[in-house]
Amino acid sequence: MTEFEQTLILASTGVFIFAGLLAFAQHFLHLFFGRPPAPNQVFVRWLTEEQKEKLRLASIPYTPSSVATGEDGLSFSPQSFARAKRLLGARVVEVFKSSNRNVEEAVLTFSCRRDHALRGFKTEVAGSIKWYDFRRRLKHRRLATFIDEVLMPSVRKDIVVHLQHGRHADPATDGKFHVYLYSTPTNHNQHAYIPNRLLGAQFGNQTAALVASGTGVPVLEPLTNFAVAELVDNNLYVHLDIVNGRNLIARRGLLLRILQQVEGELAADKFLEDLIGSVKAENEIVLEGETADFRVEGEGITGRRLVVLSSLVREILTPVVRSNVIIRDCNGQNAAPVDDGKFRIFMHSSPIGAPCMNAPEQIWGHRMIKREAAFAPSAHGVPLIDDNGFIVGEIVGRNLYLHMHYIHFGAKLEAALAAKLLLEVRKEVQAAAVEADEDAIKRRVAEHYVQECTRQYAVGKALKVSAGDLAAAQSDFHGHLRGALLEEFDLLRLQAAPAEEIGREFDELTQLANVTGVKVEGDKIVVSTDVLYCVHPRSHVRYEIGAFDIQICTSTNMIKWFNKTRKVSGGSGKMNAPHVDPNGNACMGNTKDLFPALIQKREFASAVQLAIAFVEAVNLEDNWGAYITNWPVAR
């Protein structure tokens, strides 16, 4: 027998002895040290109604219960749980400990018949492995199989898993579905502390996760609203560090819970079908009407957002408006009402005004995933008011103005809110608000106003208000009233002599020094200038900045500068001027409130004079101003 064969036999013997010791430890050490106490109850969450019905028919006892506030599910005895697993074809992935020692939470996955059409797709973990590293190769295969079982039925394409370890990754567009573990689509390097309890799993204090970028559909934990992942087209970014190099799957149960939440968002057709079905079940009137004869089209809105919104509009709204519907994303811009026989939905828009109101956290009891500045009501149509008095939009003729987007990503939470909103629109349309004359609209607005005043009065009576709060509220009221009266006087002045007023303002603009032309483009007044210069305050060198188009937006009371001659590398990329960034926005310092005030008062000539002076001055103490020497010296 050779020396190599002797070594091989000894190694094999050692392996068998070690395995025997492990078996002894597992089965007999409890005789000396005792077994750990077995739980009296096993808690399971997220069972479907179909699965519960199977349990009832098989006479397997269970008790509805909860392990924490809002975390509801079913509790089984250990014996009943074993029977339930066999019946449902379930496998325990991980056991979560709870604060109650007598209860353990089992995270389950269920075996299901594989669709033959999915055999052509594969799931793999990206990255190279050395040929001899069989242990890591096996871990990659287990991780790929684990993710494949949950996502493949919904994804139905090749899946590539990436272990990013906190690094960002750009979204892929190669036709595959990519899963990035512990990553984000943008390199913002922002972290947030994880709640102590997330999807049933316990976390220690100060445990951090990456922050969602806001570019995709956030996958939210139902109770805390914490974004555990983000869907960007065919890319899933998991923000939690649940996989590491040593133990490839550190939190199998938590990863499964996250993937189950993702699977619900991926199956857009399924959740829309369920949502529309529940809407029809709860609102019998929605069952009426035919929808096949009408089209729903999008302008400036595509992808998942359009799919979700158009599906709900087709089922809920088209039977009552009885026409084609056009959904247009206005992105905070005004839109004039249209009367061409079609019904239009203007998202984040209003006939007049600008976004200026803070959005509530909830509307009709539905959480807002993303909030933005909302339009104030224009009083041109019938307002749509939620339970807390927030005016979510208006119906003006055959035009629906939504004061915010409400659907940013096409997520399930947003779809539920959109369904409720469209039901309210449907009620107003059925009440003939769309075809009503001016007097009828006034009556309906007055009715809404009375209802809201009544609600506000009831809320106010229940509040305890101090003298200081009352004085502050009176001061705010007088300020708003004064502003409203000034606006009304300005409107009356323009209505009395519109041509003369506009002509006078344009005459003043064209007579300003360095102004070469004035034109109007939509809600913007564009003032063109000669070449503007700036003198260095210390060296007294004269620098040529360039000729400008100064844009004054009358709907937002904002001003922008665009250099027509050149852009120069400065404090924030290619700058239009020493203190004007590439997008035409200025770092104004103490003058930031002056421009909106002048534009609101229609003092355009003063605003342009100040805008020209702004380009011709430089503050060397400012980081951007220090780059004045990058501009060419004037000849």
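Scan (1) open to solvent by 40 Å² or more (accessible area, probe 1.4 Å); (2) more than 26 Å from V219 (Cα to Cα); (3) of a type in the set (A, V, I, L, M); (4) at pLDDT 85 or above for the single condition M357 breaks and write down its number.
Result: M357 passes all but (4).
Among the numbered criteria (1) open to solvent by less than 20 Å² (accessible area, probe 1.4 Å); (2) touching a Ser or Thr at 6+ places or on another chain (Cβ under 9 Å), which single criterion is violated by S183?
(2)
Out of D476, D507, I need the residue that is closer than 30 Å to N576 by Cα, open to solvent by 70 Å² or more (accessible area, probe 1.4 Å), in a helix (DSSP H, G or I) and modelled with pLDDT under 85. Which one?
D507
Under 7 Å by Cβ, and 6 or more places apart or on different chains, what pairs join a residue from region 502-515 that is under 16 Å from I550 (Cβ atoms) with one that is at pLDDT 75 or above and open to solvent by 60 Å² or more (accessible area, probe 1.4 Å)?
That search, which allows pairs on different chains as well, returns E505/R602; L512/Q609; N514/D530.
May I ask you to verify whether A227 is on the phi < 0 side of the Ramachandran plot, modelled with pLDDT of 85 or more and within 20 Å of the chain's Cα centre (by Cα)?
Numbers: on the phi < 0 side of the Ramachandran plot: yes; modelled with pLDDT of 85 or more: yes; within 20 Å of the chain's Cα centre (by Cα): yes.
Criteria met by A227.
Going through region 295-304 one residue at a time, which ones are at pLDDT 85 or above and either over 17 Å from H408 (Cβ atoms) or not aliphatic (A, V, I, L, M) (or both)?
Start the filter on region 295-304 by keeping residues that are at pLDDT 85 or above, which leaves 295-301.
Listed by number, the residues that qualify are R295, V296, E297, G298, E299, G300.
Considering only residues of region 35-77 that are part of a loop (DSSP other than H, G, I, E, B) and of a type in the set (V, I, T), which is modelled with the lowest pLDDT? I'd like the intermediate steps shown before the answer.
Of all residues in region 35-77, those part of a loop (DSSP other than H, G, I, E, B) come to 35-40, 45-48, 58-62, 69-70, 77.
Keeping just the survivors that are of a type in the set (V, I, T) gives 48, 60, 69.
On the way: T48: 86, I60: 93, T69: 77.
Result: T69.
Go through N334, N247 for me and flag whichever is at pLDDT below 75, of a type in the set (S, T, N, Q), assigned to a loop (DSSP other than H, G, I, E, B) and open to solvent by 40 Å² or more (accessible area, probe 1.4 Å). Break it down stepwise before answering.
Numbers: N334 fails: at pLDDT below 75.
The match here is N247.
Residues are listed down the side, and each one gets a yes or a no for (1) within 22 Å of A336 (Cβ to Cβ); (2) touching a residue at least 40 places away in the same chain (Cβ under 8 Å):
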site: H348; (1), (2): yes, yes
site: E361; (1), (2): no, no
site: I369; (1), (2): no, yes
site: S378; (1), (2): yes, no
site: V396; (1), (2): yes, yes
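Mind listing whichever residues of region 108-162 are in contact (Cβ under 8 Å) with a residue 60 or more places away in the chain, among the hydroxyl-bearing types (S, T, Y) and touching a strand residue (DSSP E or B) at 6+ places or on another chain (Cβ under 6 Å)?
T109
Can you work out which of the residues in region 171-195 that are among the hydrophobic types (A, V, I, L, M, F, W, C) and assigned to a strand (DSSP E or B) is nearest to P222 (Cα to Cα)? Give the derivation first.
Of region 171-195, the ones among the hydrophobic types (A, V, I, L, M, F, W, C) are 172, 177, 179, 181, 192, 194.
Filter once more, keeping what is assigned to a strand (DSSP E or B): 177, 179, 181, 192.
Values: F177: 25, V179: 21, L181: 21, A192: 17 Å.
The qualifying residue nearest to P222 (Cα to Cα) is A192.
Which pairs do you get when a residue that is among the polar types (S, T, N, Q), found in region 206-218, comes within reach of a residue that is crowded, with 16+ Cβ neighbours inside 10 Å, reach meaning Cβ atoms under 6 angstrom, with the pair 6+ apart or on two chains?
Sorted first by the residue in region 206-218, then by its partner, the pairs are T207/I194; S213/T184; S213/P185; S213/T186; T215/P185; T215/V232.
Could you tell me which of the residues L143, L163 is of a type in the set (A, V, I, L, M), open to solvent by less than 70 Å² (accessible area, probe 1.4 Å) and closer than 15 Å to I258 by Cβ?
L143
Return the total of residues in region 587-608 being within 26 Å of V541 (Cα to Cα) and at pLDDT below 85.
Looking only at region 587-608, we keep the residues that are within 26 Å of V541 (Cα to Cα), and these are 587-591, 608.
Applying the additional criterion that residues be at pLDDT below 85 yields 587-591.
Looking only at that region, the number is 5.
Could you check region 222-233 and list, in sequence order, the residues that are crowded, with 19+ Cβ neighbours inside 10 Å and in contact (Cβ under 8 Å) with a residue 24 or more places away in the chain? Lay out the reasoning, then the answer.
Within region 222-233, the subset crowded, with 19+ Cβ neighbours inside 10 Å is 226-232.
If the condition is that a residue be crowded, with 19+ Cβ neighbours inside 10 Å and in contact (Cβ under 8 Å) with a residue 24 or more places away in the chain, then F226, V228, A229, E230, L231, V232 are the ones that fit.
Kindly indicate the residue of region 594-619 that is in contact with an Asp or Glu (Cβ under 8 Å, 6 or more places away or on another chain) and hydrophobic (A, V, I, L, M, F, W, C) and also nearest to V535 (Cα to Cα) among those meeting that condition.
A605
Open to solvent by 40 Å² or more (accessible area, probe 1.4 Å), in contact with a strand residue (DSSP E or B) (Cβ under 9 Å, 6 or more places away or on another chain), at pLDDT 85 or above and not β-branched (V, I, T) - does that describe any residue in region 373-396?
yes
Taking region 78-136 as the region of interest, how many residues are open to solvent by less than 70 Å² (accessible area, probe 1.4 Å), assigned to a loop (DSSP other than H, G, I, E, B) and within 17 Å of V67 (Cα to Cα)?
Looking only at that region, the number is 1.
Going through region 39-60 one residue at a time, which ones are in contact (Cβ under 8 Å) with a residue 40 or more places away in the chain, farther than 15 Å from F110 by Cβ and open to solvent by 30 Å² or more (accessible area, probe 1.4 Å)?
N40, Q41
Restricting to region 186-218, name every residue that is aliphatic (A, V, I, L, M), surrounded by fewer than 16 Cβ atoms within 10 Å (Cβ to Cβ) and under 20 Å from L259 (Cα atoms). Step through it out loud before you land on a result.
We begin by selecting, within region 186-218, every residue aliphatic (A, V, I, L, M); these are 192, 194, 198-199, 201, 208-212, 217.
Still in the list and also surrounded by fewer than 16 Cβ atoms within 10 Å (Cβ to Cβ): 192, 208.
Within region 186-218, just A208 meets the criteria.
The values are calculated or read from the model by the stated rules, or taken from the named source; none is laboratory data. Treat the numbers as computed from the prediction; the structure is a model and nothing was measured. All Cβ positions, glycine included, derive from the backbone under ideal geometry; neighbour counts span all protein chains shown. Remember, those area values only see protein heavy atoms, side chains included, never the ligands or the DNA or RNA. Shrake-Rupley method; radii C 1.70, N 1.55, O 1.52, S 1.80 Å.
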